[in-house]
Amino acid sequence: MADSTSTSLAPAPAVEPTGAGTLVATRRRRRRYSLLTRHDKLILTLMVGVPLTLCIVFIWGPTLASILFSFTNWSGIGAIEQRNIVGLKNYQTLWCGWSAAPGCKPTDFGYSLFYPALQHNVTWLAFFVFVATPLGMFLAVLLDREIRGTRIYQSIFFLPVVLSLAVVGFLWELQYAPNEGFINNVLNDVHYRGPLIDWLGDPKINLFAILVAASWRHIGYIMVIYLAGLKSVDPGLREAATVDGANERQIFFRVVFPVMAPINIVIVVITVIEALRAFDIVYIINRGKNGLELLSTLITNNGISESNRVGFASAIAVVLLLISLVPIITFLARTMREPRT
């Protein structure tokens, strides 16, 4: 009798919730084990979404728009209609700007400023690659030796980097002034008997005069980047090469330079991009005309001027984009390549 009473008074076993109750309990368990709160997810979405939106709006959007505009003769005013679509005519005009371009007829209209501007960009690139960039690397190697006053020298060489190319153009325009400029006054002091040199007005020499001014800033930029890379080189490599009897030149070209391969790639890409996007300094001097034509100035002079040839300027911009993509793709392929085992 006692046994039956105790059995009847025992608590009933808990019954697991079913249906909607099971679903609510499951969601609660999942919420307990979530690593990110709702606030964290909101912050993460903003951190990713805002830069991505800005990149699409201000970079990829104008890029795609320029590609589309390059197939039209749109003037930038009004809507684009069917009659504004010209296909590859803008690119044909650029191609036929060279009198010996194959496939062009004498009656085909060509843009005569395109090829000189392209040659000036190539000259700019060659000067940076073979003169300015090696000089910046050379200064970095010298300052890496911790010579006396190295901090002062670094500040002096880095000072032009903090200035924009527009300000650099104003400064060097004063130096190159025909009558009161510093350079012509120095020539007079050394008893130069020739006529005053018009450094910026003579189309035969003004490009090289501007290249000297642009290199003044570029050298300091390369020096800082390469100097930072030299500081990261293991000193043990140099010590081992010294023990083996290598001199300074052999240590740099056979030990340090190969180790600096990632920095060398970055410097090459920066040099190419700086040469192709050059605009500020030549536009400040003479609006990119009279021997200072560049692809970037042609884009501005055709797209933002009284001609309003937005479609044609977009075609030039696409050509410049394609040329610029070569070093960028090379850099990405080099950095994203898996290390070989």
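The values are calculated or read from the model by the stated rules, or taken from the named source; none is laboratory data. Worth saying up front: this structure is predicted, and the values here are computed from it rather than measured. Positions of Cβ are generated from backbone atoms using ideal geometry, with glycine treated the same way; all protein chains shown enter the neighbour counts. Remember, those area values only see protein heavy atoms, side chains included, never the ligands or the DNA or RNA. Shrake-Rupley method; radii C 1.70, N 1.55, O 1.52, S 1.80 Å.
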Any hit, the stretch 186-196, residues being out of contact with any helix residue (DSSP H, G or I) (no Cβ under 7 Å at 6 or more places or on another chain), in contact (Cβ under 8 Å) with a residue 24 or more places away in the chain and open to solvent by less than 60 Å² (accessible area, probe 1.4 Å): no
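Would you be able to tell me the number of residues in the stretch 216-240 that are of a type in the set (Gly, Ala, Ser), in a helix (DSSP H, G or I) and open to solvent by 10 Å² or more (accessible area, probe 1.4 Å)? Walk me through how you get there before you give the answer.
Looking only at the stretch 216-240, we keep the residues that are of a type in the set (Gly, Ala, Ser), and these are 220, 228-229, 232, 236, 240.
Still in the running and in a helix (DSSP H, G or I): 220, 228-229, 236, 240.
Those left that are additionally open to solvent by 10 Å² or more (accessible area, probe 1.4 Å): 228, 236, 240.
Qualifying residue count for the region: 3.
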Every residue from the stretch 154-183 that is modelled with pLDDT under 85 and buried (at least 19 other Cβ atoms within 10 Å of the Cβ): Leu165, Gly181
Filter result (surrounded by 15 or more Cβ atoms within 10 Å (Cβ to Cβ), assigned to a helix (DSSP H, G or I) and in contact (Cβ under 8 Å) with a residue 12 or more places away in the chain) within the stretch 245-269: Ile251, Phe252, Val255, Val256, Val259, Ile263, Ile265, Val266, Ile267, Val268, Val269
Within the stretch 270-306, considering residues that are part of a loop (DSSP other than H, G, I, E, B) and among the hydrophobic types (A, V, I, L, M, F, W, C), the one modelled with the highest pLDDT: Leu294
Selected residue (criterion: farthest from the chain's Cα centre (by Cα)) from residues of the stretch 252-299 that are among the β-branched types (Val, Ile, Thr) and over 24 Å from Val131 (Cβ atoms): Val255
For Gly97: the one exception among (1) out of contact with any strand residue (DSSP E or B) (no Cβ under 7 Å at 6 or more places or on another chain); (2) surrounded by fewer than 17 Cβ atoms within 10 Å (Cβ to Cβ): (2)
Test: residue in the stretch 146-155 that is more than 22 Å from Arg287 (Cβ to Cβ), β-branched (Val, Ile, Thr) and in a helix (DSSP H, G or I): yes
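Does Asn286 meet the test of being closer than 18 Å to Ala117 by Cβ, open to solvent by 30 Å² or more (accessible area, probe 1.4 Å) and either touching a residue at least 40 places away in the same chain (Cβ under 8 Å) or aromatic (Phe, Trp, Tyr) (or both)? Talk me through it step by step, then tell me what you get.
Details: closer than 18 Å to Ala117 by Cβ: yes; open to solvent by 30 Å² or more (accessible area, probe 1.4 Å): yes; either touching a residue at least 40 places away in the same chain (Cβ under 8 Å) or aromatic (Phe, Trp, Tyr) (or both): yes.
Yes: the conditions hold for Asn286.
So, in the stretch 126-149, how many residues would count as being over 21 Å from Arg249 (Cα atoms) and touching a Leu at 6+ places or on another chain (Cβ under 7 Å)? Explain how you work it out, then say what you get.
First, pick out the residues of the stretch 126-149 that are over 21 Å from Arg249 (Cα atoms): 126-128, 148-149.
Filter once more, so that each one left must be touching a Leu at 6+ places or on another chain (Cβ under 7 Å): 127.
Result for the stretch 126-149: 1.
Test Gln82 against the criterion of being of a type in the set (S, T, N, Q), at pLDDT 90 or above and open to solvent by 50 Å² or more (accessible area, probe 1.4 Å), and give yes or no.
Values: of a type in the set (S, T, N, Q): yes; at pLDDT 90 or above: no; open to solvent by 50 Å² or more (accessible area, probe 1.4 Å): yes.
No, not satisfied.
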The stretch 100-122: number of residues that are open to solvent by less than 50 Å² (accessible area, probe 1.4 Å) and under 24 Å from Ile222 (Cβ atoms): 2
